[in-house]
Amino acid sequence: MPHEPQWNHDADSAKRGPHPRTAPSGRVPQWVLDQDARRAEAPVFGARATAPPKPSRRRKSRRGRGPRRAWNLWLVIALLVGLYYSPGVLERHIMPAITPLVPGSNVPPRGVEAAADPLGRPPEGTGSGSFRLQESPDPAQDFVAYDPCRPVHYVIRPDNSPPGGEALIHQAVAEISSASGLRFVYDGPTAEGPSKERETYQPERYGKRWAPVLLTWSDPEETPDLAGDVGGLGGSDYAHVPGHPIVYVAGQVVLDAPGLAPILGYPGGPELLRAVVIHELGHVLGLDHVDDPGQLMYGGSNDRAKLADGDRAGLALLGTGACVPQL
Ligand SMILES: [Zn+2]
């Protein structure tokens, strides 16, 4: 089903992108482009963009693929059967049961690694600083988060990594994990590159489960959205079984390696670069930018190296999302 990613920009953090469109498979990526000041000065010509680059509005279309057509046929059959009984039956029983069984469907078997209870809890008493959550695509659901009853897997593409880059990523993940209570599991290096069209289910590469969060050291040539002052991108895709809460199932952090590597030469450089990764992981978990320069999720320039109380309050909330074993 064609739908557009939701974007917003650091230079325009108060405005929202277009409201995301839902699809039967319910997956709409939510991305945030980062024109981070933590990024080093532009290494060539020093030209700083006055406006963020316009993200391309390519539609995520899967038309013309055989399996998708078969899946659509099954959807029609499920729809007819469901409507015969009642829409409630369709939403609560038929769709969740049938979708993972359809050959070529882009969803894994239900409930992979799903525990009965959350695997961790966020810390209490995280303060009262400001935070902002990514807009929920469903007005009836306050926010979208990862399922805390299963681990959040992540992989790293090591290509182009600055020295110590992998260790910085693991440290950033540990920070995000302890602030949210979500359990993260490192699945090792990957050869997969960044893509706005990334499939959230890649059984050939990652097995029959949701694809892990992908972290890559990229550059503007490979990822045109990193052009100009954009130091990183972060966001997640969500999935939805009708009748149950929407949850994030996979995400990406795309870092501008040539733009960010010079930070390592500054005093406290590794901590500042790690803060960029933490900031992007904040987007992955569901945080948006705030106007308070004292927070790591500030949308403009600051030199914070650590999470502040508002960031922590937001991440703690995002660690209390719904467990949805139906996905
Ligand atoms: Zn950001």
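The values are calculated or read from the model by the stated rules, or taken from the named source; none is laboratory data. Being a predicted model, the structure only gives us computed values, none of them experimental. Note: ideal-geometry Cβ built from the backbone for every residue, glycine included; neighbour counts use all protein chains shown.
Side notes on the structure shown:
Each row is one residue, and each column tells you yes or no for (1) closer than 30 Å to residue 205 by Cα; (2) modelled with pLDDT of 90 or more; (3) among the small types (Gly, Ala, Ser); (4) assigned to a helix (DSSP H, G or I).
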position: 79; (1), (2), (3), (4): no, no, no, yes
position: 90; (1), (2), (3), (4): no, no, no, yes
position: 122; (1), (2), (3), (4): no, yes, no, no
position: 136; (1), (2), (3), (4): yes, yes, yes, no
position: 140; (1), (2), (3), (4): no, yes, yes, no
position: 150; (1), (2), (3), (4): yes, yes, no, no
position: 161; (1), (2), (3), (4): yes, yes, yes, no
position: 168; (1), (2), (3), (4): yes, yes, no, yes
position: 177; (1), (2), (3), (4): yes, yes, yes, yes
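- Test: residue 241 is part of a strand (DSSP E or B) and in the same structural domain as residue 161 (by TED's automatic domain parsing): no
- Residue within segment 267-279 that is within 16 Å of the ligand (Cβ to nearest atom), buried (at least 24 other Cβ atoms within 10 Å of the Cβ) and free of Cβ contacts under 8 Å to residues at least 40 places away in the same chain present: no
- Hits in segment 276-327 (condition: small (Gly, Ala, Ser) and under 30 Å from residue 113 (Cβ atoms)): 282, 286, 313, 314, 316, 319, 321, 322
- Conditions (1) in a helix (DSSP H, G or I); (2) in contact with a Gly (Cβ under 9 Å, 6 or more places away or on another chain); number of the one not met by residue 272: (2)
- Across segment 223-266, the number of residues qualifying as closer than 22 Å to residue 318 by Cβ, in contact with a Leu (Cβ under 7 Å, 6 or more places away or on another chain) and within 16 Å of the ligand (Cβ to nearest atom) comes to 6.
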